[in-house]
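K.L.:
Sharing a structure here in structure tokens format.
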Amino acid sequence: MNNTTIKTIMNMNNTIIEAGERTTRAQTQTSTSTTTGVFALLKAKPGVTREQVMAIMPAEIRATVQLYLDGKIREWYAREDGRGGIFLLNADDVAEAESIMESLPLAKENLLDHEYIPVAPLMPLRLLIGSQSAR
């Protein structure tokens with residue numbers, strides 16, 4: 001192989017690598033906006049007593065079950081430390097998740113702090129599909 005052939009092959013390699021990097025960046029940028037749900041982490045505000053929470057809990061449970069039956073809540077869990085709950089909501093964004101959670105009795109009484117985390121598919125898995133289709 002002469003120097004010209006080697007340079008041509010190296011240039012082709014660089015072009016292929018750059019194209020792959022651009023495709024990966026474009027997929028990541030496009031797909032990071034694909035929110036499939038929102039986690040809502042709930043805990044009692046400082047100074048709120050167990051008695052305050054338990055007085056509202058029957059209404060909270062009924063409203064939570066209704067949201068589940070309406071398809072708004074996908075999953076829900078108690079924190080192992082007993083200090084709150086974690087909900088996985090069927091919401092397209094944090095604003096929708098806030099609207100869902102603010103409809104509950106404990107939120108209406110301003111007894112809880114909420115933290116929201118939007119989630120999306122694990123995009124690096126697309127690389128598996130891409131490499132498989134290249135075969």
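The values are calculated or read from the model by the stated rules, or taken from the named source; none is laboratory data. Quick caveat: nothing in here was measured; it's all calculated off a predicted structure. Neighbour counts are summed over all protein chains in view; Cβ atoms, including those assigned to glycine, are modelled from backbone coordinates with ideal geometry.
K.L.:
List the number of the failed condition for residue 69; all other conditions in (1) at pLDDT 95 or above; (2) touching a strand residue (DSSP E or B) at 6+ places or on another chain (Cβ under 9 Å); (3) farther than 20 Å from residue 34 by Cβ hold.
P.N.:
Residue 69 satisfies every listed condition except (2).
K.L.:
Here is a further query. Check off (1) modelled with pLDDT of 95 or more; (2) more than 16 Å from the chain's Cα centre (by Cα) for residue 81 and give me the number that stays unchecked.
P.N.:
(1)
K.L.:
Let me ask another. Going through 117, 56 one at a time, which residue ends up being at pLDDT 95 or above and touching a Pro at 6+ places or on another chain (Cβ under 8 Å)?
P.N.:
56 is the lone residue from the list that is at pLDDT 95 or above and touching a Pro at 6+ places or on another chain (Cβ under 8 Å).
K.L.:
So, one more: May I ask you to list the residues in the stretch 72-100 that are part of a strand (DSSP E or B) and closer than 22 Å to residue 34 by Cβ? Steps first, please.
P.N.:
Pass one, the stretch 72-100, residues part of a strand (DSSP E or B): 73-78, 84-89.
Once the filter is applied, which keeps residues that are part of a strand (DSSP E or B) and closer than 22 Å to residue 34 by Cβ, the stretch 72-100 yields 73, 74, 75, 86, 87, 88, 89.
K.L.:
To continue, here is another question. Among the residues of the stretch 101-120, which ones are in a loop (DSSP other than H, G, I, E, B) and out of contact with any helix residue (DSSP H, G or I) (no Cβ under 9 Å at 6 or more places or on another chain)?
P.N.:
Passing the criteria: only 110.
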